[in-house]
Amino acid sequence: MWLAAAAPSLARRLLFLGPPPPPLLLLLSRVRQATNQIVMNCADIDIITASYAPEGDEEIHATGFNYQNEDEKVTLSFPSTLQTGTGTLKIDFVGELNDKMKGFYRSKYTTPSGEVRYAAVTQFEATDARRAFPCWDEPAIKATFDISLVVPKDRVALSNMNVIDRKPYPDDENLVEVKFARTPVMSTYLVAFVVGEYDFVETRSKDGVCVRVYTPVGKAEQGKFALEVAAKTLPFYKDYFNVPYPLPKIDLIAIADFAAGAMENWGLVTYRETALLIDPKNSCSSSRQWVALVVGHELAHQWFGNLVTMEWWTHLWLNEGFASWIEYLCVDHCFPEYDIWTQFVSADYTRAQELDALDNSHPIEVSVGHPSEVDEIFDAISYSKGASVIRMLHDYIGDKDFKKGMNMYLTKFQQKNAATEDLWESLENASGKPIAAVMNTWTKQMGFPLIYVEAEQVEDDRLLKLSQKKFCASGPYVGEDCPQWMVPITISTSEDPNLAKLKILMDKPEMNVVLKNVKSDQWVKLNLGTVGFYRTQYSSAMLESLLPGIRDLSLPPVDRLGLQNDLFSLARAGIISTVEVLKVMEAFVNEPNYTVWSDLSCNLGILSTLLSHTDFYEEIQEFVKDVFSPIGERLGWDPKPGEGHLDALLRGLVLGKLGKAGHKATLDEARRRFKDHVEGKQILSADLRSPVYLTVLKHGDGTTLDIMLKLHKQADMQEEKNRIERVLGATLLPELIQKVLTFALSEEVRPQDTVSVIGGVAGGSKHGRKAAWKFIKDNWEELYNRYQGGFLISRLIKLSVEGFAIDKMAGEVKAFFESHPAPSAERTIQQCCENILLNAAWLKRDAESIHQYLLQRKASPPAV
C-alpha cells in the first residue's frame, strides 16, 4: 500500500508494498538547527536504509540506527552535518501487520460462505502511528497527508480523504493504486487506512457532505440506522459550532477486531460492529441508543479534537470530556423520546463520582510522560467527570454564551493545538464570568465536594447553612488543608420543583443563604437536575421533608435519582447507615422512570455483591424481589400499545432483575419463552433476550449452558454473540463456570470480548469471582500479551477483582501485580485494592444491622 503526506513545514510519504519491496517513507522536512542526528518515534519497525537530501543538493545516507525500544524512538546518525533548510528524509523499513489491535494490524472476519479472512486496519490513538511508520508521533506535530494505497483489486481501500484516482498497478495485474485527496493539517494519531471486503450505504447530509457506513459484506441494511444518525448529526454540529465540517466526506466503518468502542480518525471513523450495526429485527433498544451515542461522540471529535487538537495528552480530557457531553446533546436533538439527559446522570455522572471519591483517583488534567501513562487516563475521570463538569459549566454559563465561546475557540485554533486554558479564555470572553477561576478548581485537583446543608425557618423565609468538604469514599474528610471548590449551586423548592429559585456560586468553605418567601411546609432541595458535580448531605429534618416527593413523584425524576444515589454513596462511605438507604429505596414503589430504576438497580447490585460474602445473601434477594415485583407486574412481558423506547428498556431491566433474584413467576415465564425461542416456535424479541438468557442460565444446568453456547455459535450478528457472552457468567455450578472461562479464551470469542466474558463470571457469583481471579493468574501471560498497553487490560483487572470484600484479597492482588507488572494498569490496580478494603470495611460496619433489618422486614412486611 502507498501512503503519503505533505505539510507547510513537514511532509510524509509512506509506501507499503507486501510482498517486498519494503515500505518507503519520504518526509519533506525542515532542519531548524544544524545536526548530524534525527530522532523519531518508532516501534516494532526495522529500518533498512535512510537518507536525507537537502533541497537542490546531494543525498546523505545515514550510517547508523540506534533504537531506544523502551522510549519507542530511533536515532538516525549521519556522517556529515545536516544544514538548516528544507529537504527530503527517505526511509526504507519493514514493519509487522500485528495481532495487537493497535498500530497497523490485521482483523479477522468470516465471509458469508464461512471462509476466514483478514482485513488490514489501523488504530493509532494514543501513540501507535509509530508502529505503522517512523514519525514524530505527538499531537502537536501536525502535517498534511497525501495518501495512496496499492491494494488487491477486489478489496475496498479507504483512508481519511475522498478517492481522486484509481488505476491498475503496473507491476501486478491483481493490484490497483488508489489515490486520495490531500488531508488538512492533522495529527498522526488521526491518520487511518483500511483494506478489506465491505458493503456500504450512503447519503448526503443537508450540507452536501457524502456520508457512508461500511458494513460486513451482505449486511448493508444494518448500516442504515447509523447512516440516518450521522446525516442528522453533521448539520447539528455545524449549526451548534457555527463552523462547517471541513472534509468532503465521512466514512463510518465496522471493524471485526477492535479494542475501543470507536475511533474518530478524521473522515474515516472506525467502530466495533456492536457500536455501528443495527438489525431492525434483532437489535434491542439499548443497542440503538448506544449506536446513536457513539456516532454522536465520534462525529463531535471531527471538530473538537481533529480540527482543534489538544496540545499534549495532559489535555486529553478536553477531547473526551467534551465529546462525552455533547454526544448527549446531539442524541437529545435526534431522539428526544430517549430522555437521554436523565440517563447521563446514571451512566456518566454517578460513575465518575464513584471513581473520583477514591484516594487513588486523579485530577482531570494529569501530567503524562511515557506512552504507557497515556493509556491509563482513558478512564471515567477523563470521559465521564470531564463530561459532567462541562455539563455543569454549560448550565452555569447558559447555552447562548456557551455556543458563542465554542465558536470563538474553534475559529481561533482550527488546524492548530490548544490547551484547557485556551477554552476557558474563549468561554470567559463570551460570558463575562470567571470561568478559569471556577473550572481550575474542578480540573486541576482531584475529587469533588460534599455539601452539607441544614435549614431554619425565619418567619416567611428559609435560612440555609451550607458547608463544603471533600467527599471521600472512606468516610468524612479528616486531613488538614481541605481542598475547596468554586461550586455553582442551584436551589429549588416544592413551589416549582423544575425551577431554580436561587443560583449561587459557593466560593468559600461555609455560606449562609436566605430563600425569600418559602413557607414552613415547603421542601427545599439543592442541585436541581443533578447538574452540579457534588454530593449533598441534608439535615435529617430536610431529608425527611424530601422523601414524600419520591413516593408521590413531585420531585422530578433526575432529582429523585440524585437523592437516592447521594444517600447510597453516603452509606458506602459510612457517613449514614445502609439501613436508612434501604428504607428510602422502598419509597420508590410508584416509580415509573427507567433511568431512576436503572440507578436503583445498579446500587442494589453493588449491595448484593457485597452481601454475597455473608450467609444472608438470599435475604437481600427477597428485598430485591419486593422492590421490583410491583413494577414488574405493571409492565408485564409484552409491549402495550403506545409504549416507546424507555418502556422497552425498563421492561428488560426489571425482568432481568426479578429473574436473577429468583422471582418464581418470572423464572417460570422466562423458561417457557426460552424453550419456545430455542425450538423456533416464538422467537424472543431482542429487548427480552438478555433478561431471559440471564434468568435461565442463573437457574439452569449444563444443558442450558450448552444450548446458550450453541445459540452463540449460530448467531450471525455480533450484537447477539455479545449479548450471550455477557450473561454466561451467571451460571452457578463450579464445573460450568470453568467451562465458561475456557470458552472466553477460545477462537469463538473475539479478542476484545474475552474481557466481558471473564468479567461476567467475576460478577456472577461468589464462586465465579474466585474462579475468574484464579483464571486470570493462571493465564496472565496470554492475557497480558493480548492486551498490554491498552485500556482493555485495566478493564479486565477492574471487572475481575473489584467485587472482593476481604482485607487479605487486597494484599493478594497487590502482590500478584508487583511480580507481574502491568504499567498501563497501575492506577487501576491501586483503585481496585482500595475498593476491596472499602468493601471489607463496609461489610464489617453494616452487615449485622442490614441483616437485622431484613429479618425484621420479613417478620412484618411494610405496607405498600
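The values are calculated or read from the model by the stated rules, or taken from the named source; none is laboratory data. Note that the structure is predicted; figures quoted are calculated from it, not measured. Counting neighbours? That spans all protein chains shown, and the Cβs are built from the backbone with ideal geometry, glycine included. Side chains included, ligands, DNA and RNA excluded: accessible areas come from the protein's heavy atoms. Shrake-Rupley method; radii C 1.70, N 1.55, O 1.52, S 1.80 Å.
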- Stretched fully, the stretch from residue 586 through residue 521 gains (0.36 nm per residue minus C-alpha distance, one decimal, in nm) 21.1 nm
- Phi-based couplings in Hz for the stretch 309-316 (Karplus 6.51, -1.76, 1.60; Gly and Pro marked x): 10, 4, 5, 7, 5, 3, 9, 3
- Message: How much of the pair distance distribution for the stretch 257-415 lies past 20 Å, counting alpha-carbon pairs only, in percent?
- Response: 54
- Can you find, among 573, 842, 335, the residue farthest towards the positive end of the dipole of the chain? Put +1 on the C-beta of Lys and Arg, -1 on that of Asp and Glu. 335
- Task: Express the carbon and sulfur contribution to the solvent-accessible surface of the stretch 672-807 as a percent, rounded to the nearest whole number, probe 1.4 angstrom.
- Result: 53
- Task: Would you check the accessible area of residue 293, probe 1.4 Å, heavy atoms only, in square angstrom rounded to 10?
- Result: 10
- Gain in span if fully extended, residue 171 to residue 664, counting 0.36 nm per residue against the direct Cα distance: 170.5 nm
- Taking only DSSP H segments of four or more residues, each worth -39500 (n - 2.57), what value at 222 nm results for the chain once the sum is divided by all its residues, to the nearest 500 deg cm²/dmol? -13500 deg cm²/dmol
- Query: How far, in degrees from 0 to 90, does helix 686-698 lean away from the longest principal axis of the Cα atoms of the chain, to the nearest 10?
  - Reply: 70
- Message: Could you tell me how far the Cα centroid of the stretch 715-733 sits from the Cα centroid of the stretch 520-589, in Å?
- Response: 36
- Query: Under a point-charge model restricted to the Cβ atoms of Lys and Arg (+1) and Asp and Glu (-1), what is the dipole moment magnitude of the chain relative to its Cα centre, in debye to the nearest 20?
  - Reply: 1020
- Task: Could you work out how far the C-alpha centroid of the stretch 320-339 sits from that of the stretch 161-224, in angstrom?
- Result: 27
- Projected-area mean, the stretch 602-675, by convex hull of Cα positions, square nanometres: 5.5
- So how many Lys-Lys pairs in the stretch 137-270 land under 13 Å Cα to Cα, not counting same-chain pairs under 8 apart? 6
- Query: Rounded to the nearest whole Å², what accessible area per residue is found for the chain with the 1.4 Å probe?
  - Reply: 39
- Task: Take peptides 303-309, 128-134 and line them up by average Cβ neighbours within 10 Å, highest first, as a rough protection proxy.
- Result: 128-134, 303-309
- Message: Accessible area of the stretch 61-215 with a 1.4 Å probe: how many percent of it is carbon plus sulfur?
- Response: 45
- Percent relative contact order of the stretch 558-659, based on C-alpha pairs within less than 8 angstrom and at least six residues apart? 28
- Note on the structure: Going residue by residue through the stretch 123-140, the Karplus relation 6.51 cos²θ - 1.76 cosθ + 1.60 with θ = phi - 60° gives ³J(HN,Hα) values, rounded to whole Hz and with x marking Gly or Pro, of 8, 9, 6, 8, 9, 10, 4, 5, 7, 9, 7, x, 6, 9, 9, 10, x, 7
- Query: What are the residues whose amide H is under 5 Å from the amide H of residue 145, where those residues sit 5 or more places off or on another chain and H is modelled from the backbone?
  - Reply: 6, 183
- Message: Going by amide H atoms built from the backbone, whose H comes under 5 Å of the H on residue 137, apart from near neighbours?
- Response: 41
- Query: So, with +1 on the Cβ of K and R and -1 on the Cβ of D and E, and no other charges, what is the size of the charge dipole of the stretch 733-830 about its Cα centre, to the nearest 20 debye?
  - Reply: 280
- Solvent-accessible surface (1.4 angstrom probe) belonging to residue 679, in square angstrom, nearest 10: 100
- Rounded to a whole number of µm²/s, how large is the Stokes-Einstein D of the stretch 216-313 at 37 °C and 0.692 mPa s, given Rh as the Kirkwood radius over C-alpha pairs? 235
- Task: Search the structure for amide H atoms under 5 Å from the amide H of residue 416, placed 1.01 Å from N in the peptide plane, and list their residues when 5 or more places away or on another chain.
- Result: 309
- With point charges of +1 on the Cβ of Lys and Arg and -1 on the Cβ of Asp and Glu, referenced to the Cα centre of the stretch 47-176, which listed residue (126, 176, 101) lies farthest in the positive direction of the dipole? 101
- Based on Cα positions only, what radius of gyration and what Dmax would you give for the stretch 425-501, in angstroms? 16.1, 45
- Message: Over the chain, what is the relative contact order in percent, taking alpha-carbon pairs closer than 8 angstrom and at least six residues apart?
- Response: 8
- Task: Return one quarter of the surface area of the convex hull spanned by the alpha-carbon atoms of the stretch 360-407, equal to its mean projected area, in nm².
- Result: 4.4
- Task: Please arrange 125, 311 by accessible surface area, largest first, computed with a 1.4 Å probe and ligands excluded.
- Result: 311, 125
- Query: For the stretch 383-498, which whole-number percentage of the solvent-accessible area (1.4 Å probe, protein heavy atoms only) is attributable to carbon and sulfur atoms?
  - Reply: 48
- residue 210 accessible area, nearest 10 Å², 1.4 Å probe? 20
- To the nearest 20 debye, the stretch 402-458 has a Cα-centred charge dipole, built from +1 on Lys and Arg Cβ and -1 on Asp and Glu Cβ, of 400
- By how many nm would the segment from residue 367 to residue 465 grow when fully extended, if each residue of separation counts as 0.36 nm and the alpha-carbon distance is taken off? 31.6 nm
- Under 14 Å from the Cα of residue 777 - aspartates and glutamates, other chains or at least 8 residues apart: 812, 818
- Message: Quick check: the angle from helix 791-801's long axis to the longest principal axis of the chain, C-alpha only, nearest 10 degrees?
- Response: 30
- Tell me, what ³J(HN,Hα) does each residue in the stretch 86-93 have, in order and in whole Hz, if you take phi through Karplus 6.51 cos²θ - 1.76 cosθ + 1.60 with θ = phi - 60° and put x for Gly and Pro? 8, x, 10, 9, 10, 10, 9, 8
- Task: Straight distance only, please: which aspartates and glutamates reach the Cα of residue 766 with their own Cα at less than 15 Å, same-chain residues fewer than 8 apart left out?
- Result: 615, 618, 735, 802
- Query: What ranking, highest mean first, results for peptides 434-446, 765-777 when packing means the other Cβ atoms within 10 Å averaged over each residue?
  - Reply: 765-777, 434-446
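I need the fraction of alpha carbon pairs in the stretch 121-248 separated by more than 18 Å, rounded to a whole percent. Please list the in-between numbers first.
Details: 5236 of 8128 pairs.
Considering the stretch 121-248, 64 percent of its Cα-Cα pairs are separated by more than 18 Å.
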